[in-house]
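Peer 1: The structure that follows is given in the form of structure tokens.
The values are calculated or read from the model by the stated rules, or taken from the named source; none is laboratory data. Just so you know, these numbers come straight off a predicted model, no measurement behind them. SASA here: full protein model, heavy atoms, side chains in, ligands and nucleic acids out. Shrake-Rupley method; radii C 1.70, N 1.55, O 1.52, S 1.80 Å.
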Amino acid sequence: MLQISGLSLPLSATEQDALEAARKRVGLSASSVVSGGVSKISVDARHGKVCFVYGVLLTLQPGLDESKFIGVPGVSVRQTKPLVIGRGSKAAG
């Protein structure tokens, strides 16, 4: 999974626009991405120009080498871990 941060887009941008911008930043085609989503949205109002700054997570097709993105500015590789909720030994309450 790739985490792409620092995507500055206009206030009129949609989540789909952010996903497209993330794919373009790392040079991936739409067919290379299994799923994606916005992980963070911030507002940047510095210097009189207001815009959204997005963070996006992209899951790549199995077999694609995520390690080639290590060191790319604004991109980090994340390992996906399943969410496990353990059952306690005591009753609630």
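Peer 1: With springs only between Cα atoms under 10 Å, which of Gly63, Gly71, Gly55 fluctuates most in a Gaussian network model of the chain?
Peer 2: Gly63
Peer 1: Whose amide H sits under 5 Å from the amide H of Gly6, counting only residues 5 or more places off or on another chain, with H placed in the peptide plane?
Peer 2: For Gly6, the qualifying residues are Tyr54.
Peer 1: Looking at the chain as a GNM with Cα springs under 10 Å, which of Val38, Val77, Val50 has the largest mean-square fluctuation?
Peer 2: Judging by the Gaussian network model, the answer is Val50.
Peer 1: Related question: For the chain, which whole-number percentage of the solvent-accessible area (1.4 Å probe, protein heavy atoms only) is attributable to carbon and sulfur atoms?
Peer 2: On the way: 3580 of 6570 Å².
Taking all protein chains in place, the chain shows 54 percent carbon and sulfur surface.
Peer 1: Could I ask something else about it? So, for the chain, what is the accessible surface per residue at a probe of 1.4 Å, expressed in square angstrom?
Peer 2: Numbers: 6570 Å² over 93 residues.
Per residue, the chain has 71 Å² of solvent-accessible surface.
Peer 1: In what order, largest first, do Val84, Val33 sit by accessible area if the probe radius is 1.4 Å?
Peer 2: Details: Val84 120, Val33 25 Å².
The most accessible residue leads, giving Val84, Val33.
Peer 1: Let me ask something else. Of the residues Ala18, Ala45, Ala30, which exhibits the maximal mean-square fluctuation in a Gaussian network model of the chain defined by a 10 Å Cα contact cut-off?
Peer 2: Checking each option, the largest mean-square fluctuation is seen for Ala45.
Peer 1: Shifting gears a bit: At each listed q (0.18, 0.22, 0.24, 0.25 Å⁻¹), what is the log10 of I(q)/I(0) that the Debye formula gives for the chain modelled as equal alpha-carbon point scatterers?
Peer 2: These q points yield log10 I(q)/I(0) values of -0.80, -1.08, -1.23, -1.31.
Peer 1: Could you pull out every residue, at least 5 positions away or on a different chain, whose amide H is within less than 5 Å of the one on Gly36? Hs are placed 1.01 Å off N in the peptide plane, and Pro or chain starts have none.
Peer 2: For Gly36, the qualifying residues are Thr59.
Peer 1: Please list, or write none, the aspartates and glutamates whose alpha carbon is within less than 16 Å of the alpha carbon of Lys40, excluding same-chain residues fewer than 8 places away.
Peer 2: Within reach: Glu15, Asp17, Glu20.
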